[in-house]
1. For segment 10-42, how many residues meet the condition of being out of contact with any Lys or Arg (no Cβ under 9 Å at 6 or more places or on another chain) and at pLDDT 95 or above?
2. Tell me, please, whether a residue that is open to solvent by 20 Å² or more (accessible area, probe 1.4 Å), part of a loop (DSSP other than H, G, I, E, B) and in contact (Cβ under 8 Å) with a residue 12 or more places away in the chain can be found in segment 44-56.
3. Name the residues in segment 72-91 that are surrounded by 13 or more Cβ atoms within 10 Å (Cβ to Cβ) and modelled with pLDDT under 90, would you?
4. Are there any pairs, at least 6 apart or on different chains, whose C-beta atoms fall under 6 Å, with the first in segment 144-157 and free of Cβ contacts under 8 Å to residues at least 40 places away in the same chain and the second in a loop (DSSP other than H, G, I, E, B) and surrounded by fewer than 19 Cβ atoms within 10 Å (Cβ to Cβ), and if so, which?
5. Pairs, please: C-beta under 7 Å, at least 6 apart or cross-chain, first residue of a type in the set (Asp, Glu) and in segment 68-80, second open to solvent by 50 Å² or more (accessible area, probe 1.4 Å) and at pLDDT 80 or above?
Amino acid sequence: MTPNSDPTVQPVPASVVQQVDAADTTLHDPKTAVLSLGSNLGNRLESLQSAVDALADTPGLKVKAVSPVYETEPWGVDPDSQPSYFNAVIVIRTTLPPASLLERGHAIEEALERKREERWGPRPIDVDIVAYQGVVSDDPELTLPHPRAHERAFVLVPWHDVDPAAELPGRGSVEELLAALGTEGVTARADLELVLPA
């Protein structure tokens, strides 16, 4: 029996081929996103690395750059009320839409035992989407870009490290935002390093 004589093998309609090819194009059209990582409970460096590794293991996501680690005072609370944070920023390429990326971030936080009990409370890990491919959205579930990124040196400093030409949609260049904001309270930890997954 020749392959073409099998009655169960039917030619695929051209319209279906086009649809499959179109879908395949979207899968190979990843978007760039910027994520902010923070930890001030437990082994902070290990928590940051675990989050980077978990993101790298996510289907449809590739970690492209990992910033240096910075130590910062807690934001939005009395600095003496919590331990200091380790912060970093990563740049990713992903085929996940923003809502799915947010879900993945929350799943990683839960796996690393973050409890959302108080706003700006201490946490073993925080995974925030800072920006997603220039998208601007006021969706209350996921506002893009992050509504407070422009006022947070602990986000802007490491982001500038990995992408000096970065732009925060609707706010301008990260370099100019940093120049206006300053870098007080953000201390480079040259003794610490996050590993970019292979």
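1. Residues flagged as out of contact with any Lys or Arg (no Cβ under 9 Å at 6 or more places or on another chain) and at pLDDT 95 or above within segment 10-42 amount to 3.
2. Looking for residues that are open to solvent by 20 Å² or more (accessible area, probe 1.4 Å), part of a loop (DSSP other than H, G, I, E, B) and in contact (Cβ under 8 Å) with a residue 12 or more places away in the chain, one finds none in segment 44-56, hence no.
3. Result: Glu73, Pro74, Trp75, Val77, Gln82, Pro83.
4. The qualifying pairs are Pro145/Pro169; His150/Arg171.
5. Glu71/Thr187; Glu71/Arg189
The values are calculated or read from the model by the stated rules, or taken from the named source; none is laboratory data. Bear in mind that the values here come from a model prediction, so they are computed numbers and not experimental data. Counting neighbours? That spans all protein chains shown, and the Cβs are built from the backbone with ideal geometry, glycine included. Heavy atoms of the whole protein, side chains included, go into the accessibility calculation; ligands, DNA and RNA do not. Shrake-Rupley method; radii C 1.70, N 1.55, O 1.52, S 1.80 Å.
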